[in-house]
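Engineer: Pasting in a structure now, in structure tokens, and then I'll have a few things to ask.
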Amino acid sequence: VDERRHRHRSCPPLNVQPAPEDRIPVTLITGFLGSGKTTLLNRVLAENHDLGRVAVIQNEFGAVGIDDALTAEHFSSSSGDEILLNNGCICCTVKSDITPVLERLWLGQAEHGRLDRILVETTGLARPSPVVQAFIHGTPASWMTRVDAMITVFDALHGPAHLQRDDTQESVEQVAFA
């Protein structure tokens with residue numbers, strides 16, 4: 001095990017931008033409702049990909065979380081954190097919702113050890129553009145993190161029908177953004 005991975009990180013104040021290599025890499029997972037985002041996330045967490053210490057942020061549109069219950073078995077107190085944002089679509093409230101969560105994760109590294117990655121699973125109705133912008137445009141999120149990947153999950157069986165419907169503009173935007 002790489003000893004550097006688990007050493008405690010001294011966290012600069014949130015008003016001081018860390019060097020790019022000290023920012024936590026973020027992988028954004030998006031896709032329309034039922035496309036398989038949580039299934040993909042479970043596979044990534046269950047298999048040995050040597051991801052190190054991972055935090056997972058899952059966004060639920062409804063008041064009752066379901067996806068977090070499906071991934072909870074992959075977490076112990078030492079392996080990382082799982083955080084549920086269930087007060088609406090992350091693309092609409094990203095700056096007010098994600099910033100405090102990222103601040104908590106950033107500062108928590110001093111006590112719990114370095115985070116090697118953050119995986120963010122958006123709700124199936126999320127528009128990807130505002131989510132990505134929150135991580136790259138002069139916000140506290142962009143000071144603490146860096147987007148290293150964006151994965152758009154597409155349901156090969158039902159996806160084409162979603163793209164044809166007039167009431168599912170989000171699925172078109174998700175695929176176009178990918």
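Engineer: Within the range 163-178, restricting attention to residues that are open to solvent by 40 Å² or more (accessible area, probe 1.4 Å) and either in contact with an Asp or Glu (Cβ under 8 Å, 6 or more places away or on another chain) or assigned to a loop (DSSP other than H, G, I, E, B) (or both), which residue is nearest to PRO128 (Cα to Cα)?
Structural biologist: Residues of the range 163-178 open to solvent by 40 Å² or more (accessible area, probe 1.4 Å): 163-167, 169, 172-173, 175-178.
Checking which are either in contact with an Asp or Glu (Cβ under 8 Å, 6 or more places away or on another chain) or assigned to a loop (DSSP other than H, G, I, E, B) (or both) leaves us with 165-167, 178.
Values: ARG165: 19, ASP166: 18, ASP167: 17, ALA178: 9 Å.
Checking each candidate, the answer is ALA178.
Engineer: Taking the range 114-131 as the search range and keeping residues that are among the charged types (D, E, K, R) and under 13 Å from VAL56 (Cα atoms), which one is farthest from the chain's Cα centre (by Cα)?
Structural biologist: Among those residues, the one meeting the criterion is ASP116.
Engineer: Next up: I'm trying to understand the selection: among the residues of the range 133-150, which are at pLDDT 85 or above and outside any strand (DSSP E or B)?
Structural biologist: Residues of the range 133-150 that are at pLDDT 85 or above, as a first pass: 144-150.
Passing the criteria: only MET144.
Engineer: I've got another one for you. Please identify the pairs in which a residue from the range 143-158 that is farther than 25 Å from VAL172 by Cβ has its Cβ atom under 7 Å from the Cβ atom of a residue that is open to solvent by 40 Å² or more (accessible area, probe 1.4 Å) and in a helix (DSSP H, G or I), counting only partners at least 6 apart or on another chain.
Structural biologist: Cβ pairs passing all conditions: ARG146/PRO20.
Engineer: Further, regarding this structure: State whether one or more residues within the range 120-133 are among the aliphatic types (A, V, I, L, M) and open to solvent by 60 Å² or more (accessible area, probe 1.4 Å).
Structural biologist: Pass one, the range 120-133, residues among the aliphatic types (A, V, I, L, M): 120, 125-126, 131-132.
Filter once more, keeping what is open to solvent by 60 Å² or more (accessible area, probe 1.4 Å): none.
The answer is no; no qualifying residue exists.
The values are calculated or read from the model by the stated rules, or taken from the named source; none is laboratory data. Since we're looking at a predicted model, the values are computed, not measured. Virtual Cβ from ideal backbone geometry, glycine too; neighbours counted across all protein chains shown. In case anyone asks, the SASA skips ligands and DNA or RNA and just uses the protein heavy atoms, side chains included. Shrake-Rupley method; radii C 1.70, N 1.55, O 1.52, S 1.80 Å.
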